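Each remark here refers to the structure printed beneath this line.
The values are calculated or read from the model by the stated rules, or taken from the named source; none is laboratory data. As the structure is a computational prediction, the values presented were derived from the model and not from experiment. With ideal geometry, Cβ positions are generated from the backbone for all residues, glycine too; neighbour counts draw on all protein chains shown. Heavy atoms of the whole protein, side chains included, go into the accessibility calculation; ligands, DNA and RNA do not. Shrake-Rupley method; radii C 1.70, N 1.55, O 1.52, S 1.80 Å.
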Amino acid sequence: MPNPPVPAKSPVEWIALTIDCADAESQQRLRKFYADALGGEIVEGSVRARGMLLSFQALPNYRPPTWPSDVAHIHFEWAVHDLDVALSWLQDRGARLAEHQDPKDVGLRVMLDPAGHPFCVMTTASVRPSFRDEATYQQR
C-alpha cells in the first residue's frame, strides 16, 4: 500500500480563533463558558483548551448570528458520549438550546453560547469518521 501524500509545508501558523461579542461583560461570560465547556484555562484574557486558543473581541455594534441562517458563519462541532447529560451540563454553564432543530438528526443538537453563537453537540455515534479521528487525536 503506498504512503499517503505529505501535506505541503505552509507559511501560515495557527494562533487563535477570535469570537466576537457585545462588550466586556460578554467577553467574561464567554471566557468562563468556553473554559468550562472545553476543560481549558483562562490565560491573559483568552481561553486555552485542547490545542486551541480562543480570544474574545467586543464590537460596538455586535449582533449575534441567527440560526438557522442562509448567511455563512463558522461554528464549533463537539462530540459527546451522552447527549442529554452534555446538554444539561452546557445549559448549566450558560448555553441554551436553539429553537430550530433538525428532527431527522436525533443525535445532534444546535446550541447557542452566552453571546448567541451557534455550536453543534452530537453523539459520538453520529460524528463523521474524520471528526471522530480528530477527537481521538486531541485526547492523547
Diffusion coefficient, µm² s⁻¹, Stokes-Einstein with Kirkwood Rh over alpha-carbon pairs of the chain at 10 °C and 1.306 mPa s: 96
Farthest toward positive dipole pole in the chain [+1 Lys/Arg, -1 Asp/Glu at C-beta], among GLY51, LEU90, LEU108: GLY51
Stokes-Einstein D in µm²/s, Kirkwood radius over Cα pairs - region 1-59 at 20 °C with 1.002 mPa s viscosity: 163
For the chain, share of DSSP beta bridges that run antiparallel, in % to the nearest 5: 55
Neighbour count of at most 12 Cβ within 10 Å plus DSSP loop: longest GluC sites (Glu not before Pro)-free window in the chain: 45-98
Largest to smallest principal axis extent of the C-alpha atoms in region 38-86, angstrom: 32, 32, 17
About the Cα centre, charge dipole magnitude for region 1-120 (Lys/Arg +1, Asp/Glu -1 at Cβ), debye: 200
Rg to Rh, two decimals, where region 51-129 supplies the alpha carbon set and Rh follows Kirkwood: 0.97
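Excluding ligands, DNA and RNA, what is the solvent-accessible area per residue of the chain at a probe of 1.4 Å, expressed in Å²?
70
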Solvent-accessible area, 1.4 Å probe, carbon plus sulfur percent, for the chain: 54
